[in-house]
1. What is the local net charge at Ala112, summed over the other residues whose Cβ is closer than 9 Å to its Cβ (Lys, Arg +1; Asp, Glu -1)?
2. Projected area of segment 68-156, taken from the Cα convex hull and averaged over every viewing direction, in nm²?
3. Which shape class applies to segment 13-90: rounded if a/c is under 1.5, otherwise prolate when a/b exceeds b/c and oblate if not, where a ≥ b ≥ c are the square roots of the Cα gyration tensor eigenvalues?
4. Near Ala142, within a Cβ-to-Cβ distance under 14 Å, what is the net charge of the other residues, with Lys and Arg +1 and Asp and Glu -1?
5. For segment 96-197, evaluate the Debye formula with one uniform point scatterer on each Cα (no solvent term) and list log10 I(q)/I(0) at q = 0.16, 0.17, 0.23 Å⁻¹, rounded to two decimals.
6. Taking only protein heavy atoms into account and a 1.4 Å probe, give the accessible area per residue of segment 1-114 in Å².
7. Give the Cα extents of the chain along the principal axes, in whole Å, largest first.
8. Kindly provide the helix-only [θ] at 222 nm of the chain, computed as the sum of -39,500 (n - 2.57) over DSSP H runs of four or more divided by all residues, to the nearest 500 deg cm²/dmol?
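The values are calculated or read from the model by the stated rules, or taken from the named source; none is laboratory data. Quick caveat, the model's predicted, so the values are computed rather than measured. When we count neighbours, we look across all protein chains shown, and the Cβ atoms used for this are built from the backbone with ideal geometry, even at glycine. The accessibility values were calculated without ligands, DNA or RNA, using every heavy atom of the protein model including side chains. Shrake-Rupley method; radii C 1.70, N 1.55, O 1.52, S 1.80 Å.
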Amino acid sequence: MRLGTVTSTQDVARDLAVGSIVVADYQTGGRGRLERRWISPAGTALLVSFVLQPNPLLSLAAGVAAAEACGRGVRLKWPNDLLLDGRKVGGILVETTPEKAICGVGVNLTWAPDGAAELNLPREEVFGRLSERISQWVAMPAHQVLARWRQLSATLGRRVRIDVSGRITEGVAQDLGPRGELIIDGVAFVAGSVTHL
Ligand code: BTN
């Protein structure tokens, strides 16, 4: 479904069946992880939500799919920010209901907020590749998703700070756990906001 202005593609997708895809030009209430806002002027970003079957590794699989769809050396910051030359170029928000998972992907194409990056590729090209890669990666076994995520990672091997509801930990991001947790100095984190140090 192609739409002009929506509150959020996530809101439209929530009422649709598994397999549906919603793309919009502009969002009046675009949202990101951790209750952040996602803002982009009309027509400058890829704004899309996929309605999928729930899957425990969906957010990492979607990150892998999105990094591959973007190309240009785009890498992943845990859990699934898309980085171009170390700056954020896109992000993924997965929201679940008991029956479905709404996987929202936003990529800055021709505009970016201060400090962020633009991909500068045509929307249809990135969207086409993303739709293809999402369906491939959500069907892959967990060990393959984790292995590909590790290859595309900008986080593993680095010193990081993680903020979990105001509780800060610093250390080396060593690996992913079997459910996609980030292991920092031997401790597994399932959620949080990571800064590369
Ligand atoms: C993040 O970086 O925290 C995730 C950003 C996700 C933004 C996309 S844009 C399409 C979809 N609709 C939304 O409101 N959010 C996601």
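1. Details: positive: Arg87, Lys88; negative: Asp114, Glu118.
Result for the neighbourhood of Ala112: 0.
2. 6.3 nm²
3. Working: a/c = 1.63, a/b = 1.14, b/c = 1.44.
Because a/c hits 1.5 or more and a/b fails to exceed b/c, segment 13-90 counts as oblate.
4. Details: positive: Arg148, Arg150, Arg179; negative: Glu181.
For residues surrounding Ala142, the net value is +2.
5. Taking Cα atoms of segment 96-197 as identical point scatterers yields -0.99, -1.08, -1.24.
6. Working: 4790 Å² over 114 residues.
I get 42 Å² per residue for segment 1-114.
7. 46, 37, 31
8. Values: 4 runs with 46 residues, N = 197.
Only helices count here, giving -7000 deg cm²/dmol.
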